[in-house]
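The values are calculated or read from the model by the stated rules, or taken from the named source; none is laboratory data. These numbers come from a predicted model, not from an experiment. Here Cβ is always computed from backbone atoms with ideal geometry, including for glycine, and neighbour counts include all displayed protein chains.
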Amino acid sequence: MSEVKYSKEHEWIKLEGDVATIGITKHATEMLGDIVFAELPEKGSSVEKDGTAGVVESTKAASDVYTPVSGEIVDINQAIVDDPSKINEDPENSAWFFKLKIKDPSEMDTLMNKDDYDKFAKETSA
Amino acid sequence: METKKTSLYQLHKDCNAKFVEFAGYQMPIQYSEGIVEEHKFTRNHSGIFDVSHMGQLFIYGGEELIEDLEKVFPLDLKNLKLNHSKYSFLMDKDAGIQDDLIITKIKEGFLIILNAACKNNDFKILKEFLSEKYKMVLDEDRSLIAIQGPKSSQILNEVVDGVKDLNFMSGNWFSFENQKLYITRSGYTGEDGFEISILNSFADKFTRELIKKGSKLVGLGARDTLRLEAGLCLYGHDLDKDKTPVEANLKWAISKERISKGDFIGSDIIIKQLNDGVSKIRVGIKPEGRIIAREKTKIFNQLDVHIGEITSGTFGPSVNGPVAMGYVENEFSKKNTKVFLEVRGKKHAASICSLPFYKKSYVKGASQ
């Protein structure tokens with residue numbers, strides 16, 4: 001089991017071998033409210049660390065989804081596009097956004113662990 | 001300027017409201033269940049909305065006031081029966097909409113419900129126009145509470161006996177704890193419902209009674225998705241000074257009798273537009289797929305020519321898909337016309353559609 005890491009943009013990332021699974025945190029879904037639309041990157045496309053890699057929209061507004069690491073998209077979760085409410089229900093597990101083949105594993109080192117993220121989320125939402 | 005709080009502020013807090021500043025007021029955008037649940041609860045059951053930020057303008061007067069107000073509003077006020085309401089607008093001389101409103105004939109004169117962001121300016125305009133002939137009160141001592149949805153009639157009637165006998169777009173005085181309430185059967189969600197004008201000091205207790213009977217507080221977020229599904233305009237978005245009632249496709253609200261006389265503010269332009277047509281008009285827009293086109297989204301025709309803009313767009317929980325309205329050049333306003341919406345740099349197919357997106361269930365006849 002590899003450790004789950006977190007970004008300041010409220011994404012979580014789990015690296016297994018050289019494939020990382022990325023989604024948005026529960027805290028992010030709570031800030032967004034009911035998610036009603038999700039757009040994901042195309043399979044085979046390359047994304048750069050901290051670049052846009054999708055969009056989620058709540059009833060209130062649209063927000064970009066960023067990728068915390070660079071790589072090539074190898075899979076996307078069509079289920080959340082078909083039913084975006086799944087993101088509110090299970091954001092840190094079955095409602096992952098995309099998987100990518102990581103380009104530079106050292107990029108993982110810049111991310112937060114769970115304790116640091118929880119602290120960060122609490123501070124920034126106050 | 002400090003933001004104002006309504007009399008229900010503590011109740012909102014008790015119900016875990018998330019607040020947002022709106023027109024100078026701290027207003028609840030949603031509660032713990034979220035916009036989609038609140039929206040659906042209103043459609044299926046009954047939702048309570050704090051709309052105390054809206055203006056309640058009482059103008060006192062008789063026959064002469066009716067004549068004077070007919071010079072302001074494009075309404076046949078002489079034939080407006082006691083306790084009956086009409087939707088209307090305050091226009092400038094070019095027929096630009098300064099506000100949209102509901103005006104009700106009461107025994108002592110008129111009660112006009114105004115948008116929060118416009119109410120002080122409306123008051124100034126009206127006071128000037130009526131040359132201070134009449135007593136006018138923009139009542140800050142009363143709260144305004146709406147209860148909307150199919151179970152609302154039954155729930156409200158348990159708290160205020162007799163309200164279920166009101167007809168749509170009519171009102172009357174009722175009592176709660178020996179306090180006079182003015183209640184109209186109206187609202188802005190596309191559902192059957194009521195708006196209750198009540199003294200601030202009783203608003204909290206009254207609303208808690210409604211909650212006890214099974215209704216729930218609903219925030220401004222769901223109010224927006226509900227009104228948009230119902231095809232109703234939001235001032236400052238779908239309506240503003242650069243748009244006329246004819247362009248806004250609201251000519252049904254203009255009295256034919258008054259057009260024939262043509263003696264109200266903006267009537268020259270209204271008559272000209274009714275005769276010659278308009279170059280842009282408000283339409284319903286249904287995006288294909290799930291893409292949400294929000295306010296200011298550009299609309300293109302099939303030849304990629306820019307033909308208009310979205311003025312309101314969101315996800316409609318009851319429609320279970322995106323909904324929008326906006327203004328397009330008149331020749332592209334026909335139902336089923338294919339258009340394209342530019343969202344995040346990409347063009348997405350949509351079509352012009354009739355409003356509402358969600359069919360209304362107003363009570364028109366006897367009580368239910």
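What the table below lists for this structure:
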| quantity | calculated |
| --- | --- |
| Top-ranked residue of the stretch B:275-288 - restricted to ones that are surrounded by fewer than 17 Cβ atoms within 10 Å (Cβ to Cβ) and more than 14 Å from every other protein chain (Cβ to nearest Cβ), ranked as farthest from B:Val72 (Cα to Cα) | B:Ser279 |
| Which numbered condition B:Ile291 misses (of (1) buried (at least 18 other Cβ atoms within 10 Å of the Cβ); (2) closer than 21 Å to B:Lys243 by Cβ; (3) among the hydrophobic types (A, V, I, L, M, F, W, C)) | (2) |
| Matching residues in the stretch B:275-323 - criterion: being basic (Lys, Arg), over 24 Å from the mean Cα position of the chain (by Cα) and either at pLDDT below 95 or not in a strand (DSSP E or B) (or both) | B:Arg290 |
| Any chance B:Ala23 is in contact (Cβ under 8 Å) with a residue 60 or more places away in the chain, in contact with a Pro (Cβ under 8 Å, 6 or more places away or on another chain) and assigned by TED's automatic domain parsing to the domain that holds B:Ile113 | no |
| Every residue from the stretch A:54-80 that is within 14 Å of chain B (Cβ to nearest Cβ), in contact (Cβ under 8 Å) with a residue 40 or more places away in the chain and outside any strand (DSSP E or B) | A:Ile80 |
| The one condition in (1) out of contact with any Gly (no Cβ under 9 Å at 6 or more places or on another chain); (2) more than 30 Å from B:Arg208 (Cβ to Cβ); (3) surrounded by 20 or more Cβ atoms within 10 Å (Cβ to Cβ) that B:Ile59 fails to fulfil | (1) |
| Residues of the stretch B:37-48 classified as within 18 Å of B:Leu11 (Cα to Cα) and either touching a Gly at 6+ places or on another chain (Cβ under 8 Å) or surrounded by fewer than 24 Cβ atoms within 10 Å (Cβ to Cβ) (or both), total | 3 |
| Near pairs, Cβ below 7 angstrom, 6+ apart or cross-chain, from the stretch B:228-257 (on the phi > 0 side of the Ramachandran plot) to any residue that is in a loop (DSSP other than H, G, I, E, B) | B:Gly231/B:Leu355; B:Gly231/B:Pro356; B:Gly231/B:Phe357; B:Gly236/B:Ala117 |
| Filter result for B:Asp68 (away from every other protein chain (no Cβ under 14 Å), charged (D, E, K, R), over 21 Å from B:His237 (Cβ atoms) and crowded, with 17+ Cβ neighbours inside 10 Å) | yes |
| Boolean, B:Met54 is more than 14 Å from every other protein chain (Cβ to nearest Cβ), closer than 30 Å to B:Gly321 by Cβ and within 18 Å of the chain's Cα centre (by Cα) | yes |
| Selection within the stretch A:19-38 - modelled with pLDDT under 95 and among the charged types (D, E, K, R) | A:Glu30, A:Asp34 |
| Qualifying positions in the stretch B:1-17 - surrounded by fewer than 19 Cβ atoms within 10 Å (Cβ to Cβ) and modelled with pLDDT of 95 or more | B:Lys4, B:Lys5, B:Gln10, B:Lys13, B:Asp14, B:Cys15, B:Asn16 |
| Test: B:Glu209 is assigned by TED's automatic domain parsing to the domain that holds B:Asp68 and either closer than 23 Å to B:Glu33 by Cβ or buried (at least 18 other Cβ atoms within 10 Å of the Cβ) (or both) | yes |
| Among (1) more than 30 Å from B:Glu295 (Cβ to Cβ); (2) in a loop (DSSP other than H, G, I, E, B) - the single one B:Lys243 does not satisfy | (1) |
| Top-ranked residue in the stretch A:29-45 [being under 12 Å from A:Asn88 (Cβ atoms) and of a type outside the set (Gly, Ala, Ser); ranked as surrounded by the fewest Cβ atoms within 10 Å (Cβ to Cβ)] | A:Glu30 |
| Residue in the stretch A:103-114 that is within 14 Å of chain B (Cβ to nearest Cβ) and not hydrophobic (A, V, I, L, M, F, W, C) present | no |
| Residue match in the stretch B:16-24 (condition: under 20 Å from B:Asp141 (Cα atoms) and within 14 Å of another protein chain (Cβ to nearest Cβ)) | yes |
| Selection from the stretch B:126-183 of residues that are over 19 Å from the mean Cα position of the chain (by Cα), part of a loop (DSSP other than H, G, I, E, B) and of a type in the set (Phe, Trp, Tyr) | B:Tyr134 |
| Some residue of the stretch A:87-97 being within 14 Å of chain B (Cβ to nearest Cβ), under 20 Å from B:Arg294 (Cα atoms) and surrounded by 14 or more Cβ atoms within 10 Å (Cβ to Cβ) | no |
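Per-residue answers, yes or no, for (1) more than 11 Å from chain A (Cβ to nearest Cβ); (2) among the small types (Gly, Ala, Ser); (3) free of Cβ contacts under 8 Å to residues at least 24 places away in the same chain:
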site	(1), (2), (3)
B:Ile299	yes, no, no
B:Leu303	yes, no, yes
B:His306	yes, no, yes
B:Ile310	yes, no, no
B:Gly313	no, yes, no
B:Pro317	no, no, no
B:Asn320	no, no, yes
B:Gly326	yes, yes, no
B:Glu331	yes, no, yes
